[in-house]
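Right, one structure below, let's go through it.
None of the figures in this text is laboratory data; all of them are computed from the coordinates on show. Everything quoted here is computed from the prediction, not taken from an experiment. As a convention, Cβ positions derive from the backbone with ideal geometry for all residues, glycine included, and neighbour counts pool all protein chains shown.
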């Protein structure tokens, strides 16, 4: 048997491999053995970078939230706040969920939501959305309710679509846009 080729192993390389596995098979597929196999290393090598599987899952939650934030921020960049920005954020959110299903699962299922780094990564997303809805002149409390409502709408749609819950032959993107637009209209009326 020939020796394994040397792999330049660092946290980012491991996160990228874990993301590929998660996107191909789902977040529950991530195990030390499967990740080591993908990286062509022995499982104990992962302990040089992480505190076992819980450490990898924690880092995957942070990594996924950061990737989601980048996707949202890039889409919102240059857009005026308000309707246009909220629609752009919602499109980016759904696109991220569609193209990164495993990362999306990790972004939603942080092992310890009280973890400071997980919380900070999630907070950046909330702040981005709060900024986008700024022109609706909502109180701080109402803005948080609005962010929760928008997140629920986006996640619900992404989840139903992923599970094949929309069987009728109508354009899904149009349905999604109409739902987000209806929420925006409601926010404007309550401001």
(request) Calculate, in nm to one decimal, what residue 120 and residue 8 gain on full extension: separation in residues at 0.36 nm each, minus their alpha carbon distance. (result) 37.4 nm
(message) Suppose each label sits 7 Å from its Cα in the direction of the beta carbon; what would the residue 160-residue 182 distance come out to in nanometres?
(response) 0.9 nm
(message) Compute the angle between helix 11-25 and the longest alpha-carbon principal axis of the chain, please, reported from 0 to 90 degrees and rounded to the nearest 10.
(response) 70 degrees
(request) Give the angle, between 0 and 90 degrees and rounded to the nearest 10, that separates the Cα long axis of helix 116-132 from the longest principal axis of the Cα atoms of the chain. (result) 30 degrees
(request) Express in whole angstrom the spacing between the alpha-carbon centres of the range 99-131 and the range 158-191. (result) 22 Å
(request) Return the calculated 222 nm mean residue ellipticity for the chain, to the nearest 500 deg cm²/dmol, obtained by summing -39500 (n - 2.57) across DSSP H runs with n ≥ 4 and dividing by the residue count. (result) -23000 deg cm²/dmol
(request) Please give the contour-minus-distance gain from residue 38 to residue 171: 0.36 nm per residue of separation, less the Cα-Cα distance, rounded to one decimal in nm. (result) 44.2 nm
(message) Starting from 0.36 nm per residue, how many nanometres of slack lie between residue 145 and residue 28 once their C-alpha separation is accounted for?
(response) 39.1 nm
(message) Between 0 and 90 degrees, rounded to the nearest ten: what's the tilt of helix 83-99 against the longest Cα principal axis of the chain?
(response) 30 degrees
